[in-house]
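Engineer: One structure follows; several queries about it will come next.
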Amino acid sequence: MTGPTVAPATPESKSSSRSPAAYRPDIDGLRALAIIPVLLFHGGFSAFRGGFVGVDVFFVVSGFLITSLIQREIEAGTFSYVAFWERRARRLLPPMFVVIFVSCGVAFALFLPEDLEAFGESVFATSTFLSNVYFWLVAGYFSTPDAPVPLVHTWSLAIEEQFYFFFPALLMLLAAAALARRLSVIALICGLSFTASLVMVEYAPEGAYYLLPSRVWELMLGALVALLPASPRQLGRVADALLAIGLLAIAGAVLSYDASTPFPGVAGLAPSLATALLIWVGDQPGSVLKHLFTNRVSVHVGRRSYALYLWHLPLLVFWATWSNKPLSTVSTYEVAAVLLVSFVLASLSLRFVEDPIRRRTLLSSRTSIFTFCLVCLALPAAFGLAAYRSGGFSGRVPRDVLLIANANDLTDEQAACGAGKICRVGVRENVEPTFLVWGDSHATALLQVIDETAREQGLGGLTAVKGGCPPVFDATLPRYGRACTERNNAVRELLDRSEFEAVILVGLWSGYLGEAPIASGGGVPDNQLSTGEVFARQLRLTVARLAAHGTRVYLVDEPPYPVAFRPARLAFAMWRKSDSPQLNLIEGTVGLSVRDYRDRTRRSRALFEELIADVPIQVVSQEPFLCVDDFCPAVSEGRSIFRDNTHLNNHGATKLAGAMRPIFRDIAGSGE
């Protein structure tokens, strides 16, 4: 996360813009300012939901320090790629190795096979400096509060490591150029990267967050500060005013941003520019506010910030796993205790790992540090590969536990179709599509049973499914805004050019009636309606439009999911007990009462009744097929019927074959 403390060295050449050789305690204080919001953000403190911007502060600081170090050595004629990478290896890798090795051991002891398999993938990616790419592909920084992902924070280390591959070469290429030319080139790269960030935030938000092209502008911003002339001396109150502006900008971002903030993009400017400003004026001799950064406590925390960053999240995740509850529900006292332990471990890391290796009292030769690093990269990579190929070392866990734990049985094809790809379902050859399955991730859960029951009638159809996107025109959720709008507009065009006999709508209706959708059209201004009324209006308009075209509309109700149920948690409880519970007892107690199910879906059922009275549609209820008497079990035949706390898995969806068959018999009969 952080760059080196630049030790005193030979005086700079006359062409340099500032003296980078002097140690600046304010930079360590700035690191403290960066790490504290990150800790509080991961600790689940609601007031610090924007604490992730601390990483952006680190990026700018690193860009400044690395540029200062390389530029000084280039001007002195002493720069060496090998020496540069030796310093980076000594600074960054040993404490990371300690955390990875400990994490591998704890994960092996605590994680169920599926989680250990995913952890193995992340360890391999971290060991190859590609964890940002891995988490972009398979995980979400804000969407994994209930999943054990102890190394997700290493994405930022990968960004810096990738930056180090090309940036020294760039500075070497610019070594003979005038300062103005160097500044122009770096400013151009900074601008291009920021433009990429703006575009990606709009069209590929996960990529914008995780990938180097949309992040390198923050490091380049730090590089610009390093190359610019130093701030004029004796600014006095002006320096304090600028420091106050920088502090307020970062604090504002920490307190006002959250997971719904498009980031980095425009939102990334405030913390990044503020950090650049704090660096530029942070060493003013007459400043009063600078003591916020240079006092002993701030410097003490700042010197441990890298190890703190490494340790805190794995410890939080492992504690939540051991406690068998979501990280988001860990108590404030537990979080405080874990963060205190993180600080102790960070201090030990600084004392016994970081300082001795950086000062060469351990692994003093270049050969020894490179050999050590290669071995320590290879071992966890081998562990990660073994965990992946062995299915998370599944032999550690009894079979009855595995049956519960292996709840996610979605096929690769289902996952691809559920991500927005238009797919064929049912009979795929020599049959024109006669129906469309349009829905959110709950439609993904039903694709296999729909495929099988449609085949029974010789029917084929298409799917238009995307997680989090309600199957209605002109209404999406804020967190999926443009993606859902584009998907639903594509469905509109597909319906206009196709002649489907029927459209099957699937969604988490009670959830949409409780969230705030973005809607357009419909006469009454949205600000005069409740959130449920906005969505209900758009559903009415969608169903009416489909029916007006002579299309049969089937509206599939949501499953009776028990919100507090997690297959992995039940499996973990079974695994950690000396005797596994009797499965028939579990099947009778783990689930949702019919009364609670009907209470949750009261608004959606009332809406469906209104629609049936106005438009010729059919509502398909899941209750008769998933509930027995007054109870809806979450476990059946020794297996979970849900893959998580809301979505059916294929095992559960097969119980709805009886609900799907009448639909396709009806469609087949209408075409005769």
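The values are calculated or read from the model by the stated rules, or taken from the named source; none is laboratory data. Remember, predicted model here, so these are calculated numbers, not experimental data. Cβ sites come from the backbone with ideal geometry, for glycine too, and all protein chains shown count toward neighbours. Accessible surface areas use protein heavy atoms only, side chains included; no ligands, DNA or RNA. Shrake-Rupley method; radii C 1.70, N 1.55, O 1.52, S 1.80 Å.
Engineer: Using only Cα atoms, what Kirkwood radius does region 411-509 have, in angstroms?
Structural biologist: About 13.4 Å for region 411-509.
Engineer: To the nearest 10 degrees, how steeply does helix 366-389 sit against the main Cα axis of the chain, on a 0 to 90 scale?
Structural biologist: 10
Engineer: If you don't mind, another one. Hey, got a sec? Which trypsin sites (Lys or Arg not before Pro) in region 205-250 land in a DSSP loop and have at most 11 other Cβ atoms within 10 Å?
Structural biologist: In loop regions of region 205-250 (DSSP not H, G, I, E or B), the sparsely surrounded trypsin sites (Lys or Arg not before Pro) are 233.
Engineer: Could you rank the peptides 545-558, 165-178 by their average count of other C-beta atoms within 10 Å per residue, with the highest value first?
Structural biologist: Result, highest mean Cβ count within 10 Å first: 545-558, 165-178.
Engineer: For the chain, what is the percent of antiparallel DSSP beta bridges, rounded to the nearest 5?
Structural biologist: The answer is about 40 percent antiparallel.
Engineer: Separate question: Rounded to the nearest 0.05, what FRET efficiency do residue 248 and residue 295 have when you use their Cβ-Cβ distance and R0 = 22 Å?
Structural biologist: Once the sixth-power term is evaluated, E becomes 0.70.
Engineer: When only alpha-carbon atoms count, how far does region 134-288 stretch along each of its three principal axes, as whole angstroms with the largest first?
Structural biologist: 51, 39, 27
Engineer: How much mean residue ellipticity at 222 nm does the chain get from its helices, if each DSSP H run of length 4 or more adds -39500 (n - 2.57) and you divide by all residues, to the nearest 500 deg cm²/dmol?
Structural biologist: Calculated mean residue ellipticity at 222 nm is -18500 deg cm²/dmol.
Engineer: Another question about this same structure. Can you work out the accessible area per residue across region 21-80, with the rest of the protein chains kept in place, probe 1.4 Å, in square angstrom?
Structural biologist: That works out to 25 Å² per residue.
Engineer: In addition: If every alpha-carbon in region 343-448 counts as one equal scatterer, what log10 I(q)/I(0) does Debye give at q = 0.12, 0.14, 0.15, 0.16 1/Å?
Structural biologist: Taking Cα atoms of region 343-448 as identical point scatterers yields -0.76, -0.83, -0.87, -0.91.
Engineer: Could you give the C-alpha radius of gyration of region 87-139 expressed as a fraction of 2.2 N^0.38 Å, taking N as the number of residues it contains?
Structural biologist: In units of the 2.2 N^0.38 Å rule of thumb, it is 1.22.
Engineer: Taking N as the number of residues in region 236-378, what is its alpha-carbon radius of gyration divided by 2.2 N^0.38 Å?
Structural biologist: Against the empirical 2.2 N^0.38 Å value, I get 1.35 for region 236-378.
Engineer: Given labels modelled 7 Å from the Cα in the Cβ direction, how far is it in nm from residue 195 to residue 241?
Structural biologist: 3.5
Engineer: Let me ask something else. Just grab the label-to-label distance for residue 431 and residue 379, each label 7 Å out from Cα along the Cβ direction, in nm (one decimal).
Structural biologist: Result for the modelled spin labels: 5.7 nm.
Engineer: For the charge dipole of the chain, defined by +1 on Lys and Arg C-beta atoms and -1 on Asp and Glu C-beta atoms about the Cα centroid, which residue among 53, 376, 129 has the Cα displaced farthest towards the positive pole?
Structural biologist: 376
Engineer: Can you tell me the FRET efficiency between residue 657 and residue 613 if r is taken as the Cβ-Cβ distance and R0 is 35 Å, rounded to the nearest 0.05?
Structural biologist: In this case the efficiency is close to 0.75.
Engineer: By per-residue mean of other Cβ atoms within 10 Å, what is the highest-first order of 496-506, 264-274?
Structural biologist: So the peptides 496-506, 264-274, ranked by packing, come out 264-274, 496-506.
Engineer: Let me ask something else about it. How big is region 59-198 by Rg and Dmax over its Cα atoms, in Å?
Structural biologist: 18.4, 58
Engineer: Kindly state, to the nearest 0.05, the FRET efficiency for residue 456 paired with residue 645, given R0 = 41 Å and r defined as their beta-carbon distance.
Structural biologist: 0.85
Engineer: Taking the square root of 5 times each eigenvalue of the Cα gyration tensor, what semi-axes in Å does the equivalent ellipsoid of region 179-251 have, largest first?
Structural biologist: Computed over region 179-251, the values are 28, 18, 8 Å.
Engineer: Using a 1.4 Å probe on the protein heavy atoms, what percent of the accessible area of region 171-221 belongs to carbon and sulfur?
Structural biologist: Ligands and nucleic acids excluded, carbon and sulfur reach 74 percent.
Engineer: Quick test of your reading: applying the under-4.7 Å Cβ rule, which cysteines of the chain are isolated?
Structural biologist: Among the cysteines of the chain, those whose Cβ sits 4.7 Å or more from every other are 104, 190, 373, 376.
Engineer: How large a share of the accessible area of region 226-342, in percent, is made up of carbon and sulfur atoms when the probe is 1.4 Å and the other protein chains stay in place?
Structural biologist: Answer for region 226-342 is 71 percent, counting heavy atoms of protein chains only.
Engineer: Also: What is the gain in length, in nm to one decimal, between residue 102 and residue 602 on full extension, counting 0.36 nm per residue of separation less the C-alpha to C-alpha distance?
Structural biologist: 175.1 nm
Engineer: Using a ≥ b ≥ c from the Cα gyration tensor of the chain (square roots of the eigenvalues), is it rounded, prolate or oblate, where a/c under 1.5 gives rounded and otherwise the larger of a/b and b/c decides, a/b for prolate?
Structural biologist: Because a/c hits 1.5 or more and a/b exceeds b/c, the chain counts as prolate.
Engineer: Right, here's the next one. Skipping prolines and chain starts, which residues have an amide H placed within reach, meaning under 5 Å, of the one on residue 592, given they are 5 or more residues away or on another chain?
Structural biologist: Distant-sequence amide H within range of residue 592: 632, 634.
Engineer: Could you work out how far helix 155-173 tilts from the main Cα principal axis of the chain, as a 0 to 90 degree angle to the nearest 10?
Structural biologist: Relative to the chain, helix 155-173 is tipped by roughly 50 degrees.
Engineer: Follow-up question, since we're still on this one. How big is the equivalent ellipsoid of region 304-366 along its three axes, where each semi-axis is √(5λ) from the Cα gyration tensor, reported in whole Å from largest to smallest?
Structural biologist: 31, 11, 7
Engineer: May I ask you to compute the full-extension gain from residue 621 to residue 255, defined as 0.36 nm times their residue separation minus their alpha-carbon distance, rounded to one decimal in nm?
Structural biologist: The span from residue 621 to residue 255 would gain 127.4 nm if fully extended.
Engineer: Quick one: angle between helix 481-497 and the longest Cα principal axis of the chain, in degrees between 0 and 90, rounded to 10, please.
Structural biologist: The answer is roughly 40 degrees.
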